[in-house]
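J.: First the structure, then my questions, so here it is.
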Amino acid sequence: MGMHLGEPARGSQTHSATHEPFSVDTYSVGSLMSRVYPRVLGSTSGFTLIEIMVVIIILGILVGLIVPRIMEKPERARRVKAQLQIESISAALKEYKLDNGDYPTTEQGLQALVEKPAIGKIPKKYPEKGYLPKIPKDPWENEYIYISPGEHGDFDLISYGADGEEGGEGKNVDVQSWEIG
């Protein structure tokens, strides 16, 4: 026994002597809704304290796992940038040696890659624009340390890391040319 279009709902009153289509008693709709959605219409309570605490604990665990990984990424990026800069400067130093027979001395420094040195052995085949447009600072805004001849090869090129001092651990560890590659 279903309701058909044009028939009045059971127990409904019509406003005229003729039957109006789609005439539905509001009591019938409320009664039907309370049977179909009893939890939604009848529920007056919110979240319990235990439910809120469980959500907070889950969020705390997620933060504890994700934040350290996010926080170490910028430091890792700085280390990779320092390694790439050291490789780029090393390539320019090798080109300098190919042209001039020797690496710049420690006294001439890395500035010899930007402008022709005026001290020490003056290079004979120095390009007009130099070997690099400028010597970059390391990602922690410190100067690279250049030693030639080096203790670990023809030259040593070092970034002292975040603390700007030799040695260190974690984010303060040095980035050294002889350890790259």
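J.: Under 7 Å by Cβ, and 6 or more places apart or on different chains, what pairs join a residue from segment 97-109 that is closer than 21 Å to Pro136 by Cβ and outside any loop (DSSP other than H, G, I, E, B) with one that is modelled with pLDDT of 90 or more and of a type outside the set (Asp, Glu)?
T.: Lys97/Tyr103
J.: So Trp178 fits all but one of (1) among the aromatic types (Phe, Trp, Tyr); (2) surrounded by fewer than 16 Cβ atoms within 10 Å (Cβ to Cβ); (3) touching a Ser or Thr at 6+ places or on another chain (Cβ under 8 Å); what number is the exception?
T.: Condition not satisfied by Trp178: (3).
J.: Cβ-Cβ below 6 Å, separation at least six or inter-chain, first residue in segment 122-143 and more than 19 Å from Gln85 (Cα to Cα), second surrounded by 18 or more Cβ atoms within 10 Å (Cβ to Cβ) and among the hydrophobic types (A, V, I, L, M, F, W, C): which pairs?
T.: From segment 122-143, no pairs qualify.
J.: Can you tell me which residues in segment 85-109 are within 22 Å of Val173 (Cα to Cα) and surrounded by 13 or more Cβ atoms within 10 Å (Cβ to Cβ)?
T.: At the first step, the residues of segment 85-109 found to be within 22 Å of Val173 (Cα to Cα) are 85-90.
Gln85, Ile86, Glu87, Ile89, Ser90, listed by residue number.
J.: Also, I was wondering about something else. Could you list, in sequence order, the residues of segment 153-174 that are at pLDDT 90 or above and over 15 Å from Lys94 (Cα atoms)?
T.: Correct list: Ile158, Ser159, Tyr160.
J.: Turning to a different aspect of this structure: Can we say Ile86 is in a helix (DSSP H, G or I) and either farther than 19 Å from Trp178 by Cα or over 35 Å from the mean Cα position of the chain (by Cα) (or both)?
T.: Working: in a helix (DSSP H, G or I): yes; either farther than 19 Å from Trp178 by Cα or over 35 Å from the mean Cα position of the chain (by Cα) (or both): no.
It is false that Ile86 is in a helix (DSSP H, G or I) and either farther than 19 Å from Trp178 by Cα or over 35 Å from the mean Cα position of the chain (by Cα) (or both).
J.: Okay, next question. Condition check: modelled with pLDDT of 90 or more, within 26 Å of Ile180 (Cβ to Cβ) and in contact with a Ser or Thr (Cβ under 8 Å, 6 or more places away or on another chain). Does Tyr131 satisfy that? Working first, answer last.
T.: Working: modelled with pLDDT of 90 or more: yes; within 26 Å of Ile180 (Cβ to Cβ): yes; in contact with a Ser or Thr (Cβ under 8 Å, 6 or more places away or on another chain): no.
No.
J.: Now, a different point. For the structure I just gave you, tell me whether Lys94 is within 29 Å of the chain's Cα centre (by Cα), modelled with pLDDT of 55 or more and either charged (D, E, K, R) or more than 30 Å from Glu141 (Cα to Cα) (or both). Give the steps one after another, and end with the answer.
T.: Working: within 29 Å of the chain's Cα centre (by Cα): no; modelled with pLDDT of 55 or more: yes; either charged (D, E, K, R) or more than 30 Å from Glu141 (Cα to Cα) (or both): yes.
It is false that Lys94 is within 29 Å of the chain's Cα centre (by Cα), modelled with pLDDT of 55 or more and either charged (D, E, K, R) or more than 30 Å from Glu141 (Cα to Cα) (or both).
The values are calculated or read from the model by the stated rules, or taken from the named source; none is laboratory data. In this text the structure is predicted, and so the values were computed from the model without any measurement. Please note: Cβ atoms are built from the backbone with ideal geometry, for glycine as well, and neighbour counts cover all protein chains shown.
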